[in-house]
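The next block holds one structure in the form of structure tokens; read it before the comments.
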Amino acid sequence: MEVITIQHPHEFNRFDFPPLSMALGYFDGVHLGHQKVILTAKEIAETKSIKSSVMTFDPHPSVILGRKDKVEYITPLKEKIERISDLGIDYLFVVRFSSDFANLLPQEFVDQYIIGLHVDHVVAGFDFTYGRMGKGNMETLPFHSRNQFQYTTVSKLSCDDEKISSTLIKDQIKQGKVDRMPRLLGHYFTTSGVVIHGDQRGRTIGFPTANVDISDEYIYPPVGVYSVRIKVEGKWYIGVCNVGYKPTFHKEQLDKPSIEVHIIDFENDIYGFEVTVEWYKHLRSEKKFSGIDELVSQIRKDTLQTIDYFEKNIG
């Protein structure tokens, strides 16, 4: 997949690209609803013997429009690119969202970013909007198309009578309901980060942990203990992850929770390694123990519960 970053105003010529079938959207999470849009564009491309493409935006519009100072993503841009690439798309356009770009009239957006990029067919969700203040939508698109391209509107995809959306997924993650993610994302939720030095207290009690410094761009589950898998150098291992403030050892709450994974049957030194944590099941809340012995006993129980979970559910 070719990734093309576009700064507004762009200087591309219409014939810099072959005819394209393009999926339009922000696509945070690249969830099952997003995949329906993207794969529809891919199928149309194959039917018409043209190239498939996706257009997304970075950063999130709400940051530029002043609605939020910071956005927590299900898939920060790097991971979003990987997820879209895995779907077999030919071109990914990443438009740098700016105030000037946000002020484009709907017709200007269509002229410059659809017609101007040689798009033959547009695919978007029923709720996609474009142009200043989101005045353009899938009902106005035929008028703005100037008869230069065709379009397909993808209806909503639901799970348990709820529309699958990035908002729903973030809400579920914030509640610790990571076990629901395959039904919404199509896979388990993942976060990536670098293993850093921590207190190194786990090693002294027989349960060494990998302290994973996850980018602030990621949303991640609430304080608690989880059954996870962790990918190290391309290989997956099972583990127990504690998200929290370690109240047994810290009298005052830390500025932010640590994310520490006890990797079962693993003893390698992986400081400085980039790893991926895949979240499977919430086991329990974090609690303050009376001492080391009670903590060790609980970690053993968490470890056995995790092993049992993966043996019975994942194989």
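Compared with the dominant principal axis of the Cα atoms in the chain, helix 292-313 is inclined by about 50°.
Database remark: amide H of T209 closer than 5 angstrom to the amide H of G202, R203 (H placed geometrically; neighbours at sequence offset of 5 or more, or on other chains; Pro and chain starts carry no H). How much of the calculated P(r) for segment 52-116 lies past 18 Å, in percent of all Cα pairs? When all Cα pairs of segment 52-116 are counted, 45 percent exceed 18 Å.
For segment 87-200, with all protein chains in place and a probe radius of 1.4 Å, 47% of the accessible heavy-atom surface sits on carbon or sulfur. So how tilted is helix 32-48 from the main axis of the chain? Cα-based, degrees 0 to 90, rounded to 10. For 32-48 against the chain, the angle is about 40 degrees.
Rounded to whole Hz and in sequence order, give me ³J(HN,Hα) for segment 104-116 from the Karplus expression 6.51 cos²θ - 1.76 cosθ + 1.60, θ = phi - 60°, writing x for Gly and Pro. Working through the residues one at a time gives 4, 5, x, 5, 5, 4, 5, 4, 8, 10, 10, 4, x Hz.
Among G244, G136, G272, the largest mean-square fluctuation in a Gaussian network model of the chain, built with springs joining Cα atoms closer than 10 Å, belongs to G272. Note on S85 and D127: the extension gain reaches 12.7 nm, defined as 0.36 nm multiplied by sequence separation minus the Cα-Cα distance.
Residues whose amide H lies under 5 Å from that of H10, counting only those 5 or more places away or on a different chain, are absent; hydrogens are built 1.01 Å from N in the peptide plane.
Modelled label positions at K256 and K174, each set 7 Å beyond Cα in the direction of Cβ, lie 1.7 nm from each other. In segment 78-147, the C-alpha radius of gyration followed by the widest Cα-Cα span (Dmax) gives 13.1, 35 angstrom.
A Förster distance of 35 Å, applied to the separation of the beta-carbon atoms of K78 and R300, puts the FRET efficiency at 0.45. Extending 7 Å from the Cα toward the beta-carbon at both S158 and D293 defines two label points whose distance is 5.6 nm.
Of the three principal axes defined by the Cα atoms of segment 114-179, the extents in descending order read 47, 22, 20 Å.
Residues of the chain were split at every exposed loop site, defined as GluC sites (Glu not before Pro) in a DSSP loop with at most 10 other C-beta atoms within 10 angstrom, and the longest piece left, sites excluded, is 12-138. In the context of the full set of protein chains, segment 72-194 has a per residue accessible area of 45 Å² (1.4 Å probe).
Using only the Cα atoms of the chain, each taken as one equal point scatterer with no solvent, compute I(q) by the Debye sum, divide by I(0), and report log10 of the ratio at q = 0.16 Å⁻¹. Values returned for q = 0.16 Å⁻¹ are -1.25. Taken one residue at a time, the phi angles of segment 217-222 give Karplus couplings (6.51, -1.76, 1.60, θ = phi - 60°) of 5, 7, 7, 8, x, x Hz. Gly and Pro are set to x. Based on C-alpha pairs under 8 angstrom that are at least 6 apart in sequence, the chain has a relative contact order of 16 percent. Extension gain, K231 to V63: 0.36 nm times the residue separation minus the Cα-Cα distance gives 57.3 nm.
When the alpha carbon gyration tensor of segment 1-158 is reduced to an equivalent ellipsoid, the three semi-axes, largest first, read 21, 19, 16 Å.
Summarising the strand pairing of the chain, around 60 percent of its internal DSSP beta bridges are antiparallel. Per-residue ellipticity at 222 nm from helix content only, as computed over the chain with -39500 (n - 2.57) for each DSSP H run of at least four residues, stands at -7500 deg cm²/dmol.
The values are calculated or read from the model by the stated rules, or taken from the named source; none is laboratory data. All values reported here derive from a predicted model rather than from experimental measurement. Cβ sites come from the backbone with ideal geometry, for glycine too, and all protein chains shown count toward neighbours. Just so you know, the surface numbers come from the protein's heavy atoms only, side chains and all, with ligands and any DNA or RNA stripped out. Shrake-Rupley method; radii C 1.70, N 1.55, O 1.52, S 1.80 Å.
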